[in-house]
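*Asks:* Handing you this structure, nothing more for now.
The values are calculated or read from the model by the stated rules, or taken from the named source; none is laboratory data. These numbers were taken from a predicted model, which means no experiment stands behind them. Here the Cβ is made from the backbone with ideal geometry for all residues, glycine too, and neighbour counts use every protein chain on show. Protein only, heavy atoms only, side chains kept; ligands, DNA and RNA dropped before computing areas. Shrake-Rupley method; radii C 1.70, N 1.55, O 1.52, S 1.80 Å.
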Amino acid sequence: MATLIHTLADHSDDVNYCAFSSSCLATCSLDKTIRVYSLSNFTELPYSPLKGHTYAVHCCCFSPSGRVLASCSTDGTTALWDTHDGRRLAVLEQPRASPVRICRFSPETTYLLSGAADGSVVLWNMQSLKLYRSGNVKGGSLVACAFSPNGNFFVTGSSSGDLTIWDDKMRCLYNEKAHDLGVTCCDISSHPVSDSENGFKYFQMASCGQDNQIKLWLILFADFLGVELKYKCTLNGHSAPVLACAFSCDGQMIVSGSVDKCVIIYETSTGNALHTLSQHTRYVTTCAFAPHSPLLATGSMDKTVHIWQLDLRQPCAGDTIANESKVAVEDWSEDDVSAWLCAQDLADLVGLFKMNNIDGKELLNLTKESLANELKIESLGQRSKVLQKIEELRMTMISVSVPVPDEFLCPITRELMNDPVIATDGYSYEREAMENWISNRRSSPMTNLPLHSLMLTPNRTLKMAISRWLETQQK
């Protein structure tokens, strides 16, 4: 089982990344801050939040010892912080000041790698804090990276869909077109697996992409043999682009997060899905396993980070948490409704709903009047929240029974559009989502290319088409 044990809701904008050390959890956000929490009780450390970046923070990571925290930002810098007192130790400026999308320490903390939107990749010497080597990927932004367990090699992933293997001299050793629509994340397990064909030790690597897929690879790192990359299998389960993936420390599990708002935990040996977690209300941007405890963190555009406790003793396929039953909503029991209320942060209403025998059918029939007059919920805000969550539940029922046409979904939120607008890149988006996007960036969500203008034009034709489609679903 995977049990939600804590939710962090301190960021004021999208959570972009989360990372564990042996004692802390760090999170970063579009709100320009990095927050650091103690794993003992999930309280924020006294020096948190860390401030200094002038634009969105895209990634953060701890050094292997946990003494240094790195963060990188749209402002074109990678910052180093002392995790003891929060002091900023250094600011490393990316060549050409390109927005930095990803950063990672090598296993021995010899290097820090930073990758940027212009395709540049830099190895920083952690003793001198000077640029050691730099290179470039071709035809895309650098958005993902992972070091080999010995630190002599690393892999990068780009928005053009390529996985590239480099050595620590910044020589490009191998290139593979892995995901047609672009790589979004990659990770390498630190535990080797044997390949029966030749007896060499291969490591598992995972990559995920805009094509909704997670691919597992076997990768050989050998100074005398060079490198080799072999496709192993594809993990299915997500219905939208997969934005994040990470191996557990023992390599037995891999977790992924997606635009479909779901987190899926797989068993790597079989490829079976062990858990599907659907508590986030916007797309899941990051996920990470803790190194020395059965904890999982997931972050989302809903501005929250969920902390999950994993029961590693009896993982079994099909495990679910509250609100993941495949029973139709109208057939929910009162206990199912109670579980749903807890998942929507409405646990204080459980007793009231049970007292009034609210099951799934009754839940779907609740109105503003019945909440006020029959259930006696005095708070207007709470009544509004309940109705909003019920409406979201109805929309989920529609999307489950009949797939929503892809052109009706906002490319940013992957939700049915209510007020579609056309941006200057030619694509249509939900107005609020696109306004939030361009308040922090000046590039297209679909192409990563600069937007020539921030003008948004109402797409009335699309709005009418969505309205007609909704009418047909409600008949």
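*Asks:* If the label point is 7 Å along Cα→Cβ of Glu391, which residues in segment 336-372 have backbone nitrogen under 12 Å from it?
*Replies:* 368
*Asks:* Taking GluC sites (Glu not before Pro) that fall in a DSSP loop and have at most 14 other Cβ atoms within 10 Å as cut points, what is the longest piece of the chain between them? Numbers along the way, then the final one.
*Replies:* On the way: sites that count: Glu108, Glu197, Glu374, Glu378.
Here the longest segment lacking exposed loop sites spans 198-373.
*Asks:* Then there is this: If you count only protein heavy atoms with a 1.4 Å probe, what accessible area per residue comes out for the chain, rounded to a whole Å²?
*Replies:* Numbers: 21420 Å² over 475 residues.
Roughly 45 Å² per residue, with all protein chains present.
*Asks:* A follow-up question, please. If r is the Cβ-Cβ distance from Asn136 to Ser12 and R0 is 45 Å, what FRET efficiency results, to the nearest 0.05?
*Replies:* According to the calculation, E is roughly 0.85.
*Asks:* So, with a 1.4 angstrom probe, what is the percent of accessible area on segment 3-67 that is carbon and sulfur?
*Replies:* Roughly 47 percent of what the probe reaches on segment 3-67 is carbon or sulfur.
*Asks:* While we're looking at this one, here's another question. Compute the signed sum of charges (Lys and Arg +1, Asp and Glu -1) over the other residues within less than 10 Å, Cβ to Cβ, of Leu8.
*Replies:* 0
*Asks:* Leaving ligands, DNA and RNA out of it, report the carbon-plus-sulfur percent of the accessible area of segment 406-474 at a 1.4 Å probe.
*Replies:* 51 percent
*Asks:* Using a basic spin-label model with each label point 7 Å from the Cα along Cα→Cβ, how many nm lie between Glu44 and Val193?
*Replies:* 4.0 nm
*Asks:* If contacts are Cα pairs under 8 angstrom and at least 6 residues apart, what is the relative contact order of the chain in percent?
*Replies:* For the chain, the relative contact order is 9 percent.
*Asks:* Continuing with this model, one more query. Give me the lysines in straight-line cross-link reach of Lys138: C-alpha distance below 16 Å, same-chain residues under 8 apart excluded.
*Replies:* Output for Lys138: Lys177.
*Asks:* Related question: Taking a ≥ b ≥ c as the square roots of the eigenvalues of the Cα gyration tensor of segment 406-474, is the shape rounded (a/c under 1.5), prolate (a/b larger than b/c) or oblate?
*Replies:* prolate
*Asks:* Straight-line reach from Lys354: which lysines fall under 17 Å, measuring Cα to Cα and dropping same-chain residues less than 8 apart?
*Replies:* Those lysines meeting the cut-off are Lys376.
*Asks:* Considering only Cα-Cα distances, which of the following residue pairs are longer than 30 Å: Lys261/Lys385; Lys361/Lys385; Lys130/Lys303; Lys261/Lys463? Could you put the intermediate results ahead of the total?
*Replies:* On the way: Lys261/Lys385 19 Å; Lys361/Lys385 19 Å; Lys130/Lys303 34 Å; Lys261/Lys463 24 Å.
Pairs exceeding 30 Å: Lys130/Lys303.
*Asks:* Related question: Please identify the chymotrypsin sites (Phe, Trp or Tyr not before Pro) of segment 202-259 that satisfy two criteria: DSSP loop assignment and at most 11 other Cβ atoms within 10 Å. Which are they? Let's see the in-between values first.
*Replies:* Working: sites: Tyr202, Phe203, Trp217, Phe221, Phe224, Tyr231, Phe247; in loops: Phe224.
Passing sites in segment 202-259 are Phe224.
*Asks:* Determine the share of segment 329-399's accessible area contributed by carbon and sulfur atoms, expressed in whole percent, with a 1.4 angstrom probe.
*Replies:* That fraction is 48 percent.
*Asks:* Let me ask another. Given the -39500 (n - 2.57) contribution per DSSP H run of 4+ residues, what per-residue ellipticity at 222 nm results for the chain, rounded to the nearest 500 deg cm²/dmol? Walk me through the numbers on the way to the answer.
*Replies:* On the way: 7 runs with 73 residues, N = 475.
When only DSSP H runs of four or more count, the value is -4500 deg cm²/dmol.
*Asks:* Assuming R0 = 22 Å, can you tell me the calculated FRET efficiency for the pair Lys177 and Leu449, based on Cβ-Cβ distance, to the nearest 0.05?
*Replies:* Efficiency computed from Cβ-Cβ geometry: 0.60.
*Asks:* Turning to a different aspect of this structure: Among rounded, prolate and oblate, which fits segment 108-244 when a ≥ b ≥ c are the square roots of the eigenvalues of its C-alpha gyration tensor, a/c under 1.5 means rounded, and a/b larger than b/c means prolate?
*Replies:* Since a/c reaches 1.5 but b/c is at least a/b, the shape of segment 108-244 is classed as oblate.
*Asks:* Name the shape class, rounded, prolate or oblate, that the alpha-carbon gyration tensor gives for segment 92-189, where a ≥ b ≥ c are the square roots of its eigenvalues, rounded holds for a/c under 1.5, and otherwise prolate holds if a/b is larger than b/c and oblate otherwise.
*Replies:* It comes out oblate by the Cα gyration axes.
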